[in-house]
Amino acid sequence: MKAEPETRIVKDVDVKFSIDDLQQMKGSISPWDGVRNFEARNIMRDQMKLGDKVLFYHSNCKEPGIAGTAVIVREGYPDHTAFDSTHPYYDPKSSKESPKWYMVDV
């Protein structure tokens, strides 16, 4: 799973996320939100299962590459960030009734 560990501002919010950020989350668990790629969405929605191990890949940084591993702790569900017009990952074409984007928890 690809994440950007260096600062990137979208709608005045820093959307960086690294393996260190994941480790600092409560229980070291985080939703994998903001994915806006259809192939990745389909994999998260349809194929990733509880307990699956994934590679945590740092992208768009000085030293891209695998930074560690993570485990799927919640299977695919609608990405609520797409419904919030103030959120950097808002998508006006997605709705609670007909979600376009999905996420998993790692």
Q.
Let me confirm something: among 54, 35, which residue is open to solvent by less than 30 Å² (accessible area, probe 1.4 Å), under 15 Å from residue 105 (Cβ atoms) and part of a loop (DSSP other than H, G, I, E, B)?
A. 35
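Every residue, every condition in (1) aliphatic (A, V, I, L, M); (2) part of a loop (DSSP other than H, G, I, E, B), yes or no:
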residue: 66; (1), (2): yes, no
residue: 70; (1), (2): yes, no
residue: 77; (1), (2): no, no
residue: 85; (1), (2): no, yes
residue: 91; (1), (2): no, yes
residue: 103; (1), (2): yes, no
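Matching residues to (1) touching a strand residue (DSSP E or B) at 6+ places or on another chain (Cβ under 6 Å); (2) of a type in the set (S, T, N, Q); (3) under 20 Å from residue 5 (Cβ atoms):
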| residue | (1), (2), (3) |
| --- | --- |
| 30 | no, yes, yes |
| 36 | no, no, yes |
| 42 | no, yes, no |
| 56 | yes, no, yes |
| 79 | yes, no, no |
| 86 | no, yes, no |
| 92 | no, no, no |
| 104 | yes, no, yes |
Q. Quick one: what pairs do we get from segment 56-67, first residue on the phi > 0 side of the Ramachandran plot, second of a type outside the set (Lys, Arg), C-beta under 8 Å, 6+ apart or different chains?
A. 60/4; 60/6; 65/57; 65/58
**Q.** All positions within segment 57-89 that are touching an Asp or Glu at 6+ places or on another chain (Cβ under 9 Å), over 16 Å from residue 16 (Cβ atoms), surrounded by 15 or more Cβ atoms within 10 Å (Cβ to Cβ) and not small (Gly, Ala, Ser)
**A.** 72, 73, 75, 79, 80, 83
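The values are calculated or read from the model by the stated rules, or taken from the named source; none is laboratory data. Remember, predicted model here, so these are calculated numbers, not experimental data. Backbone-built Cβ (ideal geometry, glycine too); neighbour counts: all protein chains shown. Quick note on the areas: whole protein, heavy atoms, side chains included, nothing else; ligands and nucleic acids left out. Shrake-Rupley method; radii C 1.70, N 1.55, O 1.52, S 1.80 Å.
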